[in-house]
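Below is one structure; the comments refer to it alone.
The values are calculated or read from the model by the stated rules, or taken from the named source; none is laboratory data. Because the structure is predicted, anything quoted here is derived from the model rather than measured. Cβ: placed from backbone, ideal geometry, glycine included. Neighbour counts: every protein chain shown. When the accessible area is computed, the model is the full protein with side chains, heavy atoms only, and any ligands, DNA or RNA have been set aside. Shrake-Rupley method; radii C 1.70, N 1.55, O 1.52, S 1.80 Å.
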Amino acid sequence: MSDGPTPIGLPEPPPLGASALPAGTYTGSTVFITGGGTGLGKAIATEFARLGANIVIASRKSDHLEAGEQAIKDVGAKVLTVSCDIREPDHIAAAFDAATNAFGMPNVLINNAAANFPVLADEMSPNAWRTVVDITLNGTFFCAREFARRHLAAGSTGSIINVGATYAWTGGPGFAHSAAAKAGVKNMVETLAVEWGPYGIQVNGLVPGLFPHEDMTADIKGNLKGLDDKGDRQPALRTGRLRELGWAATFLASPYARFVSGHTFVVDGANWQRRSLTNPPVVTVRDQMRPPT
Ligand code: NAP
């Protein structure tokens, strides 16, 4: 290592359970979150619950729904789980009906659900492409549309957060389907914020950097080989802590961010801006995914 200051990375955040927002910020509010039973969605839902929100978790698998339900109960909040495939507008409408019956119309929608797996673009089947785009892009739009139509009809206000990914800007070698879909999700934030702002609906994006968690699929874990040592590959010298993403979401949908709309908030310790002074040799994506033996 050269002379000079010692790299120490970005500091650790306050502990789990801490909050920048006043206790009870979301008391009386209902947050509808897709994919809220696993990973980042569960962490985001938990932070809203800690601040008093009623939580509605919508996804397909009963074990995910049960895990999400337990996490919300553990922090003492009310929770409803609804079986829903966000590719199906009818499922979404039924899930919003159930949410409204239980708690009243949701004030916040977190479009967190997405599908993803690594695959070389030339080997990707049409079905793989369609499935990821259908869930990540179409599903996000269908949920946003359902939420907005109900608020527009009622003359009530609300906040939408679309969870994105940094390869919306950079492209995502090995993830052509997901990167293209996330670019659409980010673009949708900007369009919908303008269309629905006059009716009191904020629309923002929230982009996580690398946030390892226990629910990551085997495919993704395999692609991130040795997740634990990934911290030293980032300017922050660490990966994200799940609560940091939850805090960002609870701020964006809070009364303290009412004039923030059409914005995409990146929580990644500046990782996506990283460039080297001199580029390392190119290793094809094929060889990165299947190292030659
Ligand atoms: P994850 O654990 O795989 O969660 C995906 C969730 O989406 C699951 O709960 C799944 O539940 C739900 N889902 C998938 N298809 C669905 C469908 N058709 N209908 C309804 N729900 C569906 O992923 P994650 O890592 O927490 O990621 C959450 C979000 O953050 C995603 O938008 C992802 O792109 C983004 N992100 C994550 C990272 C990271 O480091 N983890 C980095 C960048 C961006 P069911 O299986 O029960 O349906």
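Report the label-to-label distance for Asp85 and Thr284 in nanometres (one decimal), using points 7 Å from each Cα along the Cα→Cβ vector.
3.6 nm
Compute the Cα gyration tensor for the stretch 162-258, then decide on rounded, prolate or oblate, letting a ≥ b ≥ c be the square roots of its eigenvalues: rounded whenever a/c is under 1.5, prolate when a/b is larger than b/c in the other cases, and oblate in all that remain.
oblate
Counting only protein chains, not ligands or nucleic acids, how are Thr157, Thr217 ordered by accessible area (probe 1.4 Å), most first?
Thr157, Thr217
Using a Gaussian network for the chain with springs between C-alpha atoms less than 10 Å apart, which of these wobbles most: Glu88, Glu69, Glu195?
Fluctuation is largest for Glu195.
Can you tell me what percent of all Cα-Cα pairs in the stretch 60-194 are more than 27 Å apart?
27 percent
Can you pull a Stokes-Einstein diffusion coefficient for the stretch 17-101 at 4 °C (1.567 mPa s), Rh from Kirkwood over Cα pairs, as a whole number of µm²/s?
The diffusion coefficient I find is 102 µm²/s.
Please go through the stretch 205-276 and write out the chymotrypsin sites (Phe, Trp or Tyr not before Pro) that DSSP classes as loop and that have at most 11 other C-beta atoms within 10 Å.
Passing sites in the stretch 205-276 are Phe259.
Set the Förster radius R0 to 45 Å, insert the Cβ-Cβ distance between Ala128 and Ile8 as r into 1/(1 + (r/R0)^6), and round the FRET efficiency to 0.05.
Calculated transfer efficiency: 0.60.
What percentage of the solvent-accessible surface of the chain, computed with a 1.4 Å probe over protein heavy atoms, is contributed by carbon and sulfur atoms?
Result for the chain: 55 percent of the exposed heavy-atom area is carbon or sulfur.
Identify, among Pro22, Thr217, Ala94, the residue whose Cα sits farthest towards the positive end of the charge dipole of the chain, taking +1 on the Cβ of Lys and Arg and -1 on the Cβ of Asp and Glu, with the dipole about the Cα centre.
In the chain, that residue is Pro22.
Where the centroid of each part is defined by its Cα atoms, how far is the stretch 218-293 from the stretch 126-145 in Å?
Answer, in whole Å: 22.
Of all alpha-carbon pairs in the chain, indicate the percentage at a distance above 23 angstrom.
55 percent
Can you work out the accessible area per residue across the stretch 30-289, with the rest of the protein chains kept in place, probe 1.4 Å, in square angstrom?
45 Å²
What is the set of long-range amide H partners of Ile160 at a cut-off below 5 Å, with H atoms built 1.01 Å from backbone N?
Under 5 Å from the amide H of Ile160 lie the amide H atoms of Leu109, Gln202, Val203, Asn204, each far enough along the sequence or on another chain.
Let's see if you can work this out: charge +1 on each Lys and Arg Cβ, -1 on each Asp and Glu Cβ, no other charges. What is the dipole magnitude of the chain about its Cα centre, in debye to the nearest 20?
My answer is approximately 320 debye.
Round to the nearest 10 and report in Å² the accessible area of Ser29, as given by a 1.4 Å probe over the protein chains' heavy atoms.
20 Å²
Ranked by accessible surface with a 1.4 Å probe, highest first, in what order do Arg50, Arg258 come?
Order by accessible area, largest first: Arg258, Arg50.
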